[in-house]
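Remarks on the structure that follows.
What follows draws every value from the coordinates through simple rules; no lab data is involved. None of these values were measured; they are calculated from a predicted model. For neighbour counting, all protein chains shown are included, and Cβ atoms are generated from backbone atoms with ideal geometry for every residue, glycine included.
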Amino acid sequence: MAATIPIIERRRIEAELLKEVYETVRARHGTDEARAVVSESVRRSAIEQARAFAAAAPGGTSLQSFVDIQQHWTAEDALEIQPVHRDATRFEFNVTRCRYAEMYREMGLAEIGPLLSCNRDGSFCEGYDPKLKFTRTQTLMQGASHCDFRYRYEDTP
């Protein structure tokens with residue numbers, strides 16, 4: 001089996017390519033179109049990656065299977081998380097440090113960092129399980145003190 005790389009490293013590699021795509025589209029069609037292309041590409045990628053995680057979930061997807069895969073995003077101390085609430089239908093936490101955001105800033109990608117990273121979170125839910133719903137009102141990437149991740153698992157999609 002091929003070795004898997006930490007998600008934070010995967011995101012760095014993806015960002016290097018997407019930076020060039022963004023700059024190319026921006027030069028040809030303007031900033032709005034470049035942002036739209038990157039946003040849609042990342043959204044579609046997140047959905048496909050989520051489908052792969054869902055297909056590998058033992059016994060199918062559930063809120064617990066989703067909680068179990070969070071270790072992939074936090075690996076290598078990529079996120080510092082403060083738990084808020086966890087029960088049978090809700091999984092809530094705040095991110096107080098995000099190395100993804102730090103990495104995008106260091107790469108000169110603060111302008112599109114939210115598209116590259118934050119944009120993925122809700123889209124991932126779409127591909128993972130339609131019963132999984134996501135809300136967030138603020139992010140570190142956009143200057144807030146923390147990111148407020150709120151997931152709920154609904155009985156009906």
Determine the gain in length on full extension of the stretch E106-R150; use 0.36 nm per residue of separation and subtract their C-alpha separation, reporting nm with one decimal. 13.1 nm
For labels at E23 and V84 in the simple 7 Å Cα→Cβ model, what's the distance in nm? 3.7 nm
Quick check: the distance between the Cα centres of the stretch 18-35 and the stretch 56-129, to the nearest angstrom? 26 Å
Okay, helix-only estimate at 222 nm for the chain: each DSSP H run of n ≥ 4 adds -39500 (n - 2.57), divide by all residues, round to 500 deg cm²/dmol; what do you get? -15500 deg cm²/dmol
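Report the semi-axes of the equivalent ellipsoid for the stretch 7-153 in whole Å, largest first, where each axis is √(5λ) for an eigenvalue λ of the Cα gyration tensor.
On the way: eigenvalues 140, 61, 36 Å².
For the stretch 7-153, the ellipsoid semi-axes come out as 26, 17, 13 Å.
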Check which residues have an amide H placed less than 5 Å from Q138's amide H, if you skip close sequence neighbours. D148
Tilt, helix 119-128 to longest principal axis of the chain (alpha-carbon atoms), in degrees rounded to tens, equals 40 degrees
Provide the per-residue ³J(HN,Hα) series for the stretch 139-145, in order, calculated from phi with Karplus coefficients 6.51, -1.76, 1.60 and θ = phi - 60°, each as a whole number of Hz, with x at glycine and proline positions. 9, 4, 4, 9, x, 6, 6
Could you give me the ³J(HN,Hα) list for the stretch 22-37, computed from phi with Karplus coefficients 6.51, -1.76, 1.60 and θ = phi - 60°, whole Hz, x at Gly and Pro? 4, 5, 5, 5, 4, 5, 8, 10, x, 5, 4, 5, 4, 5, 5, 5
Between F134 and A36, Cβ-based FRET efficiency (R0 22 Å, step 0.05) works out to 0.55
Given the candidates P58, F149, Y104, the one whose Cα lies deepest towards the positive end of the charge dipole of the chain, counting +1 at each Lys or Arg C-beta and -1 at each Asp or Glu C-beta, is F149
